[in-house]
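Read the figures in this text as sums done on the coordinates, not as results from a lab. Not measured: the values here are computed from a predicted model. We place every Cβ from the backbone using ideal geometry, glycine too, and count neighbours over all the protein chains shown.
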Amino acid sequence: MIGGMALFVISGVSAAGKSTVARLLAERFERGACVPGDAIRAMVASGRVDVRPGSGGEALRQLVLRYAGALSVAGVFLDGGFDVVVEDVIVGPILRDFLGLVPVPEFHLVFLDPDAAAIQRRERARDRVAYGPGRWSVSGLQALLRQETDRIGLWLDTTRQSAEQTVEAILSDLDASRVRLPLSDGHEHHRGSLTMTGHGESPTITHAC
């Protein structure tokens with residue numbers, strides 16, 4: 001058990017194994033809560049706009065709203081004496097919007113980054129579809145993660161790891177995933193918008209300071 005209440009955030013592209021790792025991690029604590037981003041997303045009964053290739057401002061607004069909802073739930077559990085694990089796809093410039101919502105001055109941020117083949121295997125084994133026509137491509141979302149996401153927190157290549165091994169890697173070096181807010185001046189804050197062109201193969205990121 002970790003002394004005191006801690007917030008963990010597990011990020012990565014779709015089908016990277018976030019949900020399984022987050023649940024297993026939460027179960028390691030004496031009192032642990034897992035807050036999946038998909039659970040917050042499912043609360044929207046009508047009018048939901050998901051982030052897809054070519055999505056506009058409304059999709060991004062709703063994505064940030066989802067982050068805010070997940071972190072609000074996390075705050076309730078933290079206040080109630082639980083360690084909390086939030087998991088969602090938090091990649092690209094929008095990570096900065098997420099950081100602005102985090103309700104604590106220090107938390108643990110982990111990015112799961114398996115290779116494309118592992119993601120495709122996990123996608124086939126799931127009961128939901130993240131990639132395909134009109135959706136993100138694996139290469140497009142990986143490019144957003146690897147090229148446009150601030151390198152903060154702990155980044156793990158989980159291609160050859162089981163979920164249990166990934167949890168052990170996280171818990172074995174908590175300093176590696178620790179993020180203190182606000183970030184140092186070395187991390188310039190850009191508020192970004194994201195658009196996709198073509199068939200989702202290459203993301204285009206635009207920034208407005």
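For this structure, a couple of remarks:
- Note that the stretch 7-208, at 25 °C in a medium of 0.890 mPa s, gets a Stokes-Einstein diffusion coefficient of 143 µm²/s from its Kirkwood radius over C-alpha pairs.
- Between L78, L112, L181, the GNM of the chain built on Cα springs shorter than 10 angstrom shows L181 fluctuating the most.
- Here the chain carries DSSP beta bridges of which approximately 35% are antiparallel, counting only pairs with both residues inside.
- The stretch 74-148: trypsin sites (Lys or Arg not before Pro) in DSSP coil with no more than 13 other Cβ atoms inside 10 Å: R126, R128
- Relative contact order, percent, the chain [alpha-carbon distance under 8 Å, six or more residues apart]: 29
- The chain: DSSP helices with Cα axial extent of at least 30 Å and average Kyte-Doolittle hydropathy no lower than -1.0: 57-79
- Built amide H within the under 5 Å cut-off of F8, gap 5+: V84, V85, V86, H108
- Amide hydrogen neighbours beyond the local backbone of I90, cut-off 5 Å, H modeled: G12
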